[in-house]
Every structure is written in structure tokens, then in C-alpha cells.
């Protein structure tokens, strides 16, 4: 009864329009994303082609809801414009029965979006960064050749080159910034130089022998916390090493100069080069990892509160050079606790955001059907203007604003569902109004 010939025909039309618009809109998002990546990172054509399969999953959570809304508006708008809805109602078919194909489409798209968020999207972000890291040196060489050096404000050194020939940098100038960033304290010049990327493990040098640990005296609360914070320090770092066979160095601090052989200059690479480590971003963690990391952070936060309590129990005792336990405890309350709480908040917001954004597909279906029938338009442009633009420009701004406020502790994390509630309430009112016509 609910899926007779009419409903199967409606569902077939919905799928045709949905798939056609999904391919088109995803292609537009993909093109924009590739242009941005290629511009910022100087990707080669081979790198762009390899990045396409990894970028597509990240665009689908935004294109699937939009194309779901567009498909329902187009199909039901055309049916209303051709008087098919009127004929079916005159034949005794309840209008609610005509919504079943759209509801099925909404369930399918909601489930697909949720499944993408469960694992494929986070995993694709990790794979995309790993792909960039594998070809990191070529990426840096391309950036230097395109920009004539490296002059990012967050680098300790500034690199200038006249030309890049193969793996050789020609007429190289390396300037080290002063700590206050107001000028330079050292300049090194060389006719040729080479670069390489060095990966520095976050936990390097922190592995200890369990037997030796047992022989050590018990650490203070402050020492245990500092050690644990270094041990769980989030991610590996990457350094750019500039190797000069023969260079001439000027030091502005003492006015000295020297000829040096086999000199290396090392500068930490900022996250803007390869992107932030996915382990540090809630959006790049799988659904299971979100809960595991949240629980781990909560345990760390409980331990931190306990260590602060121990520090405050004997506030006048020295906790290190120039600091008492009370001062260390105060620093932990001001900085460390806020850092832990902010990381936990971001994860909790992400846990709410993913199902809320997935449910948006179903909400868009509910509002697309009555609006399409009411508008009674069969051309794509009219449907786009009447329903698509207003809904998207209301839904997504509310969603993004709610997420940002939730991350800043200004509203509960459940505020991520506000946009769905607004669209759902509007759709129910429209359907009820449509039934009375």
C-alpha cells in the first residue's frame, strides 16, 4: 500500500535527481578544495590526482543534505506544477502516502552520512596528511621554487633562494629572527644548499627501563604531572634541515663573521605546511576514538585534580627552582586544567555534531516536500531560489554558530541539535498547513 506503483515512480525520480545533483555539487566542492590545496601547498598534478579519492568523503556530509533537499523540492514541485498531486488527492490518496518515498530517501541519506562520519571521513583525513608527508621534501622544494623561499611569520628562520635546480638551492640566504621578531640576529649565505625533512618523535627520549624506575625515589606530584604531560605530548614534530657545504655567516649580536663548512640550520615546520596532526583534531578521529580519547582525557583530568590537591596540601614546600607548590598548583589550574577541559569539550561537541549533521538530511526531506508542493514550480532555478538558498543559509549558520558557542563553553554541547530542531519544527508546521489546503 505504502509503496505501490506511484510511490515507486516517485522514489525513482527522487534518486535520479539526487544522484545527478550529488555528482554535480560534489564535483564543484572537489574542484574548489583541490584548487585551495594546490594553491596553498603547491601540489603537483600527480599529487592532486592521488588526493581526489581522499577529499571526496570529506565533501559528502555537506553535499548529501543539500542535494537531498534539492531533489525533494524538484520532484514534488514538478508533480504539483503538473497537477499530479491534485489528481492523486482527488483519487482518494492521502498526501501523507506521497511522502513515503521522500522519507525513505531521508533515511538512506542520513544513514550514509552517519556511516561516513563513523570511520571513512576521519581515516581519509589521516591518509591525506600521510600522503603529503611521504612527499614532504618535494612539497617544500615546490613551495620554495614557487615563492622564492620560505618567509612564514611563524618560522624561526627566513630562507631566500635565487633558483632551484633539481635538489639544489642556488644562492641561498638564511636569516635567523631575533626572539622579539624585530629584525635578525644571524645571516648565513651559501652558493648552494640542500634541504631535507626530519621527523622528531613526540616521545623521543622518554622511554625508561621499568627496573630503573622502581629504583628511583617517589616523584612529587608536580614532577609526576610534568613527566606524564611530556609522555602524552600529542604528536610528532617536523623540522626543516638546510645543509650548506660552505657558507659565510654574519652575527649581528657580536659583529663577528666566519666561513663554515658543512653547516646545518634547523627550523621547526609549522602546522600550516603539512596540516595539524589528525590525532590532535576531534574531526579527524573515528567514532570509537572520540570516546576512547574523551575517557582518557577525563582520567588525566581527575589525576591532575588529585595532584593539585596534593600540592595545595603543603603549599610552602618548594616544587622547583623559584616556585612553591602553591604557585605550581595555581599555574596548573590556570593553564593545564583549561587545556584538558577545552580538548574534552571539542570532543564532546564533535560527538554531538556528527549525528546532528547526519539527521539534517532527514529534516531537509521533511521541509523539502511541503515547500516543493506549495511552490508548484518545475524549473530548477525557481526551486533553488525558493527553498534551497533560504534553508541552507538558515540551517548552516545556526549549526556553525551553535558549534562555536559550544566549544567556547557558552552553550551546552547539545546546542548542535538546534538547527535540526528549527528545520524539523518548520517542516511539521508546513506539512500541517498543507494538509488543510
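Within the stretch 8-22, residues that are on the phi > 0 side of the Ramachandran plot and not assigned by TED's automatic domain parsing to the domain that holds residue 107 have Cβ atoms under 9 Å from residues that are surrounded by 20 or more Cβ atoms within 10 Å (Cβ to Cβ) and at pLDDT 90 or above in no pair, counting only partners at least 6 apart in sequence or on another chain. Selection over the stretch 87-101 of residues that are surrounded by 13 or more Cβ atoms within 10 Å (Cβ to Cβ) and closer than 17 Å to residue 435 by Cβ gives a count of 8. Got at least one residue in the stretch 142-161 being farther than 16 Å from residue 265 by Cα, modelled with pLDDT of 85 or more and within 33 Å of the chain's Cα centre (by Cα)? Yes, the stretch 142-161 contains a residue that is farther than 16 Å from residue 265 by Cα, modelled with pLDDT of 85 or more and within 33 Å of the chain's Cα centre (by Cα). Among the candidates 351, 373, 334, 386, the residue that is surrounded by fewer than 22 Cβ atoms within 10 Å (Cβ to Cβ), farther than 22 Å from residue 421 by Cβ and either in contact with a helix residue (DSSP H, G or I) (Cβ under 7 Å, 6 or more places away or on another chain) or assigned by TED's automatic domain parsing to the domain that holds residue 66 (or both) is uniquely 386.
Table: residues versus (1) part of a strand (DSSP E or B); (2) modelled with pLDDT under 85; (3) touching a strand residue (DSSP E or B) at 6+ places or on another chain (Cβ under 9 Å).
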residue: 242; (1), (2), (3): yes, no, yes
residue: 260; (1), (2), (3): yes, yes, yes
residue: 265; (1), (2), (3): yes, yes, yes
residue: 291; (1), (2), (3): no, no, no
residue: 297; (1), (2), (3): no, no, no
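Would you say residue 430 is more than 16 Å from residue 67 (Cβ to Cβ) and in contact with a helix residue (DSSP H, G or I) (Cβ under 6 Å, 6 or more places away or on another chain)? It is true that residue 430 is more than 16 Å from residue 67 (Cβ to Cβ) and in contact with a helix residue (DSSP H, G or I) (Cβ under 6 Å, 6 or more places away or on another chain). Of all residues in the stretch 113-144, exactly one satisfies the criterion of being surrounded by fewer than 20 Cβ atoms within 10 Å (Cβ to Cβ), in contact (Cβ under 8 Å) with a residue 60 or more places away in the chain and either within 18 Å of residue 71 (Cα to Cα) or out of contact with any helix residue (DSSP H, G or I) (no Cβ under 9 Å at 6 or more places or on another chain) (or both), namely 137. Just to be sure, is residue 183 loosely packed, with under 12 Cβ neighbours inside 10 Å, in contact (Cβ under 8 Å) with a residue 24 or more places away in the chain and more than 16 Å from residue 265 (Cα to Cα)? It is true that residue 183 is loosely packed, with under 12 Cβ neighbours inside 10 Å, in contact (Cβ under 8 Å) with a residue 24 or more places away in the chain and more than 16 Å from residue 265 (Cα to Cα). Being at pLDDT 75 or above and touching a helix residue (DSSP H, G or I) at 6+ places or on another chain (Cβ under 7 Å) is the filter; apply it to the stretch 170-227 and report the residue that is nearest to residue 337 (Cα to Cα). Out of the qualifying residues, it is 197.
The values are calculated or read from the model by the stated rules, or taken from the named source; none is laboratory data. Just so it is clear, the structure is predicted and the values come from calculations on it, not from any experiment. Heads up, the Cβs are rebuilt from the backbone with ideal geometry, glycines too, and the neighbour counts pull from every protein chain shown.
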